[in-house]
Structure formats: structure tokens, C-alpha cells
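Beneath this line is the structure, given in C-alpha cells, with notes to follow.
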Amino acid sequence: MMNTGGALKVTRPSDREIAMAREFAAPCELVWEAYTRPELLKQWLGVHNGWQLAVCQIDLRPGGAYRYVWRGPDTMKMGMGGVFKEIQPNRRIVATEQFDQAWYPGGQAIQTLTLLERGGLTTLTLNVRYATTEARDVALKSPMDQGVGIGFDTLERVLDEIKEAQS
């Protein structure tokens with residue numbers, strides 16, 4: 001379907017889903033840490049074009065909540081949050097997703113993050129299941145894949161820095 005940043009693969013597994021996958025040259029545990037520790041998320045998640053992840057709160061347990069607020073140029077702000085439904089350390093996270101200002105119909109989705117390691121390479125797959133096909137199609141028409149691609153490029157650099165510091 002679409003490719004961004006050379007390594008991001010975006011597919012449509014069903015009429016209500018978008019899946020985004022990327023391989024990282026890092027062990028699963030390290031990718032998990034970068035995805036679940038606020039101090040690491042603040043280094044890569046949505047931090048481009050003048051945007052910063054100003055608020056990053058994570059209660060990583062089933063029933064726990066997360067909250068992200070980005071601040072951008074000219075005092076722009078974007079917030080989102082949700083509730084964790086399932087946590088399998090170093091393997092899988094299932095959570096709700098709801099933006100403060102809904103930009104797709106229905107306003108809420110379910111995100112499933114899956115990590116699979118083979119030979120020191122970890123494939124991160126982020127599957128987003130929307131309430132309707134219309135909501136999925138609105139997301140597909142947005143530059144979401146570009147933002148995710150840029151974020152994953154930055155994540156790759158953060159992972160490289162962590163590996164270098166550990167060696």
C-alpha cells in the first residue's frame with residue numbers, strides 16, 4: 001500500500017484496520033522500553049517539525065491509563081489518551097485511543113502493539129482498529145503514516161544511542 005521512510009509498511013488487514021510495521025535492529029526488550037518509558041517516549045514519539053511530547057504519563061497495567069500531550073509551534077497543542085486493556089511484557093499492548101479533539105469519526109480506536117524478535121531484529125507492528133470503515137478511511141487519507149514513519153526513524157536513532165551507551 002504505502003511506504004514511508006523506506007522501512008515502514010502500511011497495510012489494511014480489514015475494512016476497519018490499519019497496520020503499520022517496521023523492523024528495528026534491537027532486541028525486543030529494548031524496543032519495549034523505548035515504547036513504555038516516558039523519558040524515552042519523549043525523545044521520539046511525535047517529536048518533529050517543532051512538536052514536543054510535553055506530557056507523557058503511563059500506568060502500564062491492565063485498566064491503567066496513559067496520557068500524551070504534544071506542544072507545537074505557535075502554542076498549538078494536541079492531546080490523547082486511553083486505557084490499557086492487555087499487557088504482555090516485551091510482546092504486546094492493547095489499549096484504547098482517543099484524541100482530545102477527534103479527527104476521525106467515532107473518535108475512539110483500539111491500538112494493538114506487537115513485538116516479534118528474530119535473530120536480534122525486532123518487528124514492531126502497530127494495528128489500529130477503528131469503529132467504522134469511514135473512520136479508517138479518514139485516517140488513511142491523513143498524513144498519519146508520514147508522522148509514524150518519521151517517529152519510527154527517530155525511534156531507530158534512540159535505540160542506536162541506547163545500544164551504544166550499553167556497550
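The values are calculated or read from the model by the stated rules, or taken from the named source; none is laboratory data. In this text the structure is predicted, and so the values were computed from the model without any measurement. We place every Cβ from the backbone using ideal geometry, glycine too, and count neighbours over all the protein chains shown. With ligands, DNA and RNA removed, areas are computed over all heavy atoms of the protein, side chains included. Shrake-Rupley method; radii C 1.70, N 1.55, O 1.52, S 1.80 Å.
The table below gives the values:
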| item | result |
| --- | --- |
| Tail beyond 19 Å, pair distance distribution of the stretch 102-167 (Cα, percent) | 48 percent |
| Within the accessible area of the stretch 2-70 (1.4 Å probe), percent carbon and sulfur | 47 percent |
| The chain: DSSP helices with Cα axial extent of at least 30 Å and average Kyte-Doolittle hydropathy no lower than -1.0 | 144-166 |
| Cα convex hull volume per residue for the stretch 17-74 (Å³) | 135 Å³ |
| Where Rh is the Kirkwood radius over Cα pairs, Rg/Rh for the stretch 29-139 | 0.97 |
| Å² per residue, accessible surface of the chain at 1.4 Å | 52 Å² |
| Positive-pole candidate from G81, L113, V158, dipole of the stretch 78-167, charges at beta carbon | L113 |
| Rg/Rg_ref, the stretch 77-123, where Rg_ref = 2.2 N^0.38 Å and atoms are Cα | 1.45 |
| Loop-resident sites, the stretch 89-151, for GluC sites (Glu not before Pro), counting at most 15 other Cβ within 10 Å (DSSP) | none |
